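Chemist: The structure follows.
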Amino acid sequence: MGSITPVILCGGSGTRLWPLSRKSFPKQFVPLIGDKSLLQLTLERVAPLGTRVLAVAAEDHRFLVADVYRQAKVRGTVILEPVARNTAAAMALAALHAAPDEFLLFCPADHHIPDAAAFARTVKEGLSAAASGAIVTFGVVPTFPSTAYGYIRQGAARPDGSLQVAQFEEKPDAKRAQELLLAGDALWNAGIFLVQARVLIEALEAHAPDILAACRAAMAKADTDDGLAVSAGLSFLRPGRAEFEACRSQSIDYAVLEPHKEVAVLPFRGQWSDVGSWNAVADLGPADANDNRLHGQGWALNARNTFVHAPHRPVVAVGTQDLLIIDTPDAVLVAHRSCAEQVKEVVAHLEMVNAAQAIFHRKVVRPWGWYDSVDAGERFQVKRIGVKPGASLSLQKHHHRAEHWIVVRGTAQVTRGAETFLLSENQSTYIPIGEVHRLHNPGKMELEMIEVQSGGYLGEDDIVRLEDTYGRS
């Protein structure tokens, strides 16, 4: 029987976990479980199943994915989608990249499954069904009548040890969810699939030939990035942009699974969460005697069933009940627990009024490190900047602002005009308006510095890049 290649689907913006999750830094990259992100935990969970791990992610998140691969000590390839086109297209790209007889295990990047051994056993139980030509799904045994998940109705037993899928049901209302739970044959749809590459391609050809054709055309124009990521056991594959943009957007459930006849299901009885709302995040932690769950510097007095997420400063809930309180440096969410699913509507409203907090954190992750906008006023802005060991910012200049740099940790190699020099801790330099400059970290520890910008215009688009050292990697 062929080998298993895990495929991690890294799409999704995680808007229901705003303000911690934002479009530029979605929930799969946020350290939610201890000091690890959901993507790192997913990579670590599937790594024992295959020698390499394939991922499908957004082009804009390439350096975030690369960082997590390094943290998880996993090797593989990341297919970078130029635009989002839902799960049918993402899975088609992976199947076209794989060998025909490879068993592909498709897993969302943002699920939490603490019992990795039980998960691996359940996946291996599905190999016989996948080898017989079925698309194998894994359904979670429900513990309550959830309206947040889709359901899979179990059918007759198959000779390969799995069960035939009788019906898929979308997210039900409360009454229907109760009926499904009492029926005893329904599982939560976890969105995890095991299938041979050729079987998935044949199913796409039968039910969504236009999606398959667009993905074929995009993969025919794909190019491999032989940049920095390759040295870490990771490569990027970029499908053709125009060809992929022409693909329609549809989920694999609607495009293939619902009309396809050979779909099997295996129940998974371990703990599982899609971490799809703040209620789900709250339930991951222990509760006190009053059902309060407190993270970081959260405090509760005379409160019941209140969740406080406060990693940065003390946040106190007094006399509250059934509340979600999430604090970040530039935005705070206070919501009734019954309204957790409506958070995505808040994000849509913020986008409509062009609020930057809908998309960006105050701290922005970049390929070379990060910057945190600490303070801003008329004609000035203060940032903390972190540069990874060995990394460089692009060679650039600004037309409207000057910059003062102060090193607080590590060593900076500064290019300023025709000169290049080093700065150590507590040393500083000045970059006049229009001066060509570059910042490089030559050391083995992160470089941290304070940047004070001053001038008539301080927007990020006042950057003329003369040479981009990190390119697309």
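We did not get these values from a lab; they are worked out from the coordinates using the rules stated. Worth saying up front: this structure is predicted, and the values here are computed from it rather than measured. Cβ sites come from the backbone with ideal geometry, for glycine too, and all protein chains shown count toward neighbours.
Chemist: Rounded, prolate or oblate: which fits the chain, taking a ≥ b ≥ c as square roots of the Cα gyration tensor eigenvalues, rounded meaning a/c under 1.5, else prolate when a/b beats b/c? Present the calculation step by step, with values, prior to reporting the outcome.
Modeler: Values: a/c = 2.22, a/b = 1.41, b/c = 1.57.
Oblate shape, in that a/c is at least 1.5 and b/c is the bigger or equal ratio.
Chemist: May I pose another question? Counting other Cβ atoms within 10 Å of each Cβ, which trypsin sites (Lys or Arg not before Pro) in the stretch 403-473 have at most 10 and sit in a DSSP loop?
Modeler: Sites meeting the loop and neighbour criteria: K444.
Chemist: Just in the stretch 392-473: which chymotrypsin sites (Phe, Trp or Tyr not before Pro) are loop by DSSP and have at most 12 other Cβ atoms within 10 Å?
Modeler: Numbers: sites: W405, F421, Y430, Y457, Y470; in loops: Y457, Y470.
Counting only loop positions with at most 12 other Cβ atoms within 10 Å, the chymotrypsin sites (Phe, Trp or Tyr not before Pro) in the stretch 392-473 are Y457.
Chemist: When DSSP assigns beta bridges and you keep just the ones with both residues in the chain, what percent turn out antiparallel, to the nearest 5?
Modeler: Working: 77 of 114 bridges.
So the antiparallel bridges amount to about 70 percent of the total.
Chemist: What's the local net charge at L447, with K and R +1, D and E -1, over the other residues with C-beta under 15 Å away?
Modeler: Details: positive: R366, K383, R384, K388, R409, R438, K444; negative: D372, E425, E446, E448, E451.
The answer is +2.
Chemist: For the stretch 229-333, state which trypsin sites (Lys or Arg not before Pro) are in a DSSP loop and have at most 13 other beta carbons lying within 10 Å of their beta carbon. It would help to have the intermediate numbers written out before the result.
Modeler: Values: sites: R241, R248, K261, R269, R293, R304; in loops: R248, K261, R269.
Here the sparse-neighbourhood loop sites are R248, K261, R269.
Chemist: State which entries of K344/K388; K27/K388; K23/K124; K23/K175 exceed 24 angstrom in Cα-Cα distance in the structure shown.
Modeler: Details: K344/K388 33 Å; K27/K388 22 Å; K23/K124 34 Å; K23/K175 33 Å.
Beyond 24 Å between Cα atoms: K344/K388; K23/K124; K23/K175.
Chemist: Moving on. With the Cα gyration tensor of the stretch 1-125 giving a ≥ b ≥ c as the square roots of its eigenvalues, does the rule (a/c under 1.5 for rounded; else a/b larger than b/c for prolate; else oblate) give rounded, prolate or oblate? Numbers along the way, then the final one.
Modeler: Values: a/c = 1.80, a/b = 1.24, b/c = 1.45.
Cα axes put the stretch 1-125 in the oblate bin.
Chemist: Can you grab the distance from the C-alpha centre of the stretch 1-43 to the C-alpha centre of the stretch 289-305, Å, no decimals?
Modeler: 27
Chemist: For the chain, which span is the longest to avoid every loop-located (per DSSP) member of GluC sites (Glu not before Pro) having at most 12 other Cβ atoms inside 10 Å? Don't skip to the answer; put the middle values down first.
Modeler: Values: sites that count: E170, E378, E460.
After excluding every exposed loop site, the longest remaining stretch is 171-377.
Chemist: Give me the net charge for the shell around N279: Cβ to Cβ below 9 angstrom, other residues only, Lys and Arg +1, Asp and Glu -1. Intermediate values should be presented prior to the final figure.
Modeler: Values: positive: R337; negative: D283, E341.
Computed value for this residue: -1.
Chemist: Which whole-angstrom value gives the distance between the alpha carbon centres of the stretch 186-216 and the stretch 65-104?
Modeler: Each part reduced to its Cα centre gives a spacing of 14 Å.
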